[in-house]
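Heads up, the thing below is written out as structure tokens.
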Amino acid sequence: MKINPAISEKRKAGRPSVDRRDEILDAAERLYDALGFEKVTVTDVARALGMSPANLYRSFANRQAIDEAVTSRALSGVEDAAWRVARGASADPIRTFELLCMDIALKMRDLLFKSGRSSDLCLAATRGNWPPVQQFMDTLHGLIRHVIAEGQRQGVMRADLPLEETSAATFTAMAKVWHPVMLDTFGVAHLESETAGITRLVLEALRTKN
């Protein structure tokens, strides 16, 4: 069979005909959990899939790209769950704010302390301020902004407070129980009570006074 030159030219050089990115990330996560991400090599990941490192590099340019993709996939699970909660703001902004703050805190605890040794990767990514972490933090800020904006629109949160400044300050306050480095530094033994306490304090400032 002849290959159409026009189609052949469109295919990027070195690009795999079958995308195995998810398989590669699954294998990397398993090895990171078992051995710790710093001890795992690209060769280890390739060997676990019965492929050569050269073939693996067709899907990911380098080891950093694999690590960033693993980090992004882990954090996106927290984001997706948080957005499902945040969408309830149209019905009850105050209750949604409480649920959102607790949901993110508990999801981050589970990710960092209950997901095996691959959680070390999330800590390293946070300390290095990798792009997936920057995007994740921006998303959390956006979630807070969304709920406060809805609360102001409904009149249950103070509209005299500037939205951008207020959402930024609220995000900073919640970082104590959301940020991976803070959780790693201070521990999570009292995470639920700490989250509830900070949430109450912030809501006291945000609520419309009757």
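Observations, loosely collected:
- The H on the amide N of Met157, modeled in the peptide plane, is under 5 Å from the matching H of Gln152, Thr208, each at least 5 residues off or on a different chain.
- In this structure, Asn62 and Phe113 have a Cβ-Cβ separation that, at R0 = 25 Å, corresponds to a calculated FRET efficiency of about 0.30.
- Inverse of mean 1/r across different Cα pairs in region 97-149, Kirkwood, Å: 12.1 Å
- Extension reserve of the Lys39-Thr208 stretch, reckoned as 0.36 nm per residue once the Cα distance is removed: 55.6 nm
- Entry comment: accessible area of region 10-112 is 52 Å² per residue, from protein heavy atoms only and a probe of 1.4 Å.
- Highest mean packing first, where packing is the average number of other Cβ atoms within 10 Å per residue, the peptides 90-96, 104-110, 33-39 line up as 104-110, 90-96, 33-39.
- Site pair Ala196 and Ala91 shows an inter-label distance of 2.2 nm when each label is modelled 7 Å from Cα along Cα→Cβ.
- All-pairs Cα distance distribution in region 104-210, expressed in whole percent, bin size 10 Å: 14, 42, 30, 12, 2
- Only helices reaching 24 angstrom along their own axis (Cα) with mean Kyte-Doolittle hydropathy no lower than -0.5 count here, and for the DSSP H runs of the chain these are 63-86, 93-113, 131-154.
- Fully extended contour minus Cα-Cα distance, from Asn129 to Leu161, at 0.36 nm per residue: 8.5 nm
- Rounded to the nearest angstrom and listed largest first, the equivalent-ellipsoid semi-axes of region 118-177 from its Cα gyration tensor are 29, 10, 9.
- Taking N as its residue count, the alpha carbon Rg of the chain over 2.2 N^0.38 Å: 1.27
- Calculated Rg and Dmax of region 48-96 using C-alpha coordinates, Å: 18.2, 53
- Accessible area of region 108-210 belonging to carbon and sulfur atoms, whole % at 1.4 Å probe: 54 percent
The values are calculated or read from the model by the stated rules, or taken from the named source; none is laboratory data. All figures in this text were calculated on a predicted structure; none of them were measured in a lab. Here Cβ is always computed from backbone atoms with ideal geometry, including for glycine, and neighbour counts include all displayed protein chains. We work out accessible area using only protein heavy atoms, side chains counted, and drop any ligands, DNA or RNA first. Shrake-Rupley method; radii C 1.70, N 1.55, O 1.52, S 1.80 Å.
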